Each structure stands twice: as structure tokens, then as C-alpha cells.
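K.L.:
For reference, the structure I am asking about is given below.
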């Protein structure tokens, strides 16, 4: 059996993971933004789903290489998957939050403020927590998107390296080869 290219496996899993991420983002923004807690929980669950898909990309590459793959083979496939997924994430957020629902941050800011007021925090504590929303629009600038892309590629790549380290398996040098 001829193994497929590391690029084709990475591209396939990148497109699948990117599509799943776009669907999860759409669900997050439309159904879970009514509460900061539900949005946070759904965001964490969504990210765990993406991490599992990165792992599946590595496992798929290892299977294509008949169970024997080194760190480089697996990580390259995972890294391609990460790059495509993060590009989809940036493009989806840029389009959705800038054109489809430009008032998302304002609405979520209001929901969060109401939540914090109901929780009994003092006004200065609420104001401190609300400062993070002031930077939300800066994240949608071209420089903010590039910076966010770079940070998440690095974070995801560290996880991808861990996966590649776990999944790697070299052939025994004393194993006989079949002709």
C-alpha cells in the first residue's frame, strides 16, 4: 500500500477541522452568547474537539505509514492541519464579527455586565472586568488578526508536538524486511 502524501492528509484534516471549527463558532455566537458561563464552557468544549481532531490527523498519518512514523512525519501533518484550521478561524471571525453580526461584542458586553451586576460585585470590580471588551475591536484589525493567528499557531503547535512525540514509532533495526 502506497502511503499518501503528508500534505494531502494535512489538507484533508485541515479542511475537516476548519469546517468543524466554523460550525462550532457559529453555534457559539448564536446559541451560547446569552450567558458568559455557557459561552466559556462551550468555547472550552469546542477547543477540546479541535485538539482531538488534531490528534486524529496524527493517528491517520501514522496509519498511512503502516504504524511506523517518526516525529517529523506526524508533526508535519498536524502542523498543516493547524495552519488551515487557524486560517479558517481567522477568516470566519473576521467576516462574522465584522459583517454578519458586528454588534456581537456590544451585545455580549451588555449580557456580561448584567451577569456581573447580578452576581453582586462592586462597581469598580465590574469596571475592571469590562475593560477586556474595550480591546475586542482591536482584535479584528488586520494586525490583531495576524497576532492572534501567530499566537494560536504556536500554542496549537506545542500540543501538536506532544501528540507527535506520543505517536511516533520507529521500526526496529533488527526487524526483517519482507521482499
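Since every read-out is calculated from the coordinates, none of them should be taken as a lab result. No experiment lies behind these values; they were computed from the predicted model shown. Neighbour counts run over all protein chains shown; Cβ positions are idealised from the backbone, glycine included.
K.L.:
Given R₀ = 30 Å, what would the calculated FRET efficiency be for residue 100 paired with residue 48, taking r from the Cβ atoms and rounding to 0.05?
P.N.:
Numbers: r = 26 Å, r/R0 = 0.85.
The value I calculate is 0.75.
K.L.:
For the Cα atoms of the chain, what angle does the longest principal axis make with the long axis of helix 123-134, in degrees from 0 to 90, nearest 10?
P.N.:
Approximately 50 degrees, to the nearest ten.
K.L.:
Sticking with this structure for a sec: Within 10 Å, count the other beta carbons around each residue, average over each peptide in 75-88, 19-32, and list them highest first. Please list the in-between numbers first.
P.N.:
Values: 75-88: 23.1, 19-32: 15.8.
For the peptides 75-88, 19-32, the packing ranking is 75-88, 19-32.
K.L.:
Computed from the coordinates I sent, mean projected area of the Cα convex hull in nm² equals one of (1) 16.6; (2) 10.8; (3) 12.4. Tell me the label.
P.N.:
This structure yields the entry labelled (3).
K.L.:
Mind giving me the FRET efficiency for residue 119 and residue 139? R0 is 30 Å, r the Cβ-Cβ distance, nearest 0.05 is fine.
P.N.:
Working: r = 25 Å, r/R0 = 0.85.
That pair, residue 119 with residue 139, gives E of 0.75.
K.L.:
Set the Förster distance to 35 Å, then compute FRET efficiency between residue 170 and residue 16 from the Cβ-Cβ distance, nearest 0.05.
P.N.:
On the way: r = 28 Å, r/R0 = 0.80.
In this case the efficiency is close to 0.80.
K.L.:
Please determine, in degrees from 0 to 90 and to the nearest 10, the orientation of helix 142-167 with respect to the longest principal axis defined by the Cα atoms of the chain, where the helix direction is its Cα long axis.
P.N.:
Result, in degrees: 40.
K.L.:
In deg cm²/dmol, rounded to 500, what helix-only [θ] at 222 nm does the chain give when every DSSP H run of at least 4 residues adds -39500 (n - 2.57) and the total is split over its residues?
P.N.:
Details: 6 runs with 133 residues, N = 179.
So the calculated ellipticity at 222 nm is -26000 deg cm²/dmol.
K.L.:
List the relative contact order of the stretch 6-167 as a percent without decimals, with contacts defined as Cα pairs under 8 Å and 6+ residues apart.
P.N.:
Working: 145 pairs, mean separation 55.1, N = 162.
The value is 34 percent.
K.L.:
Next question. Quick one: length gained pulling residue 8 to residue 110 fully straight, 0.36 nm per residue minus the C-alpha distance?
P.N.:
Values: separation 102, 0.36 × 102 = 36.72 nm, distance 4.45 nm.
32.3 nm is the gain from fully extending residue 8 to residue 110.
K.L.:
At 0.36 nm per residue, minus the direct Cα-Cα distance, what do residue 38 and residue 131 gain on full extension? Give it in nm, one decimal, please.
P.N.:
Once the chain is fully extended between residue 38 and residue 131, it gains 31.4 nm.
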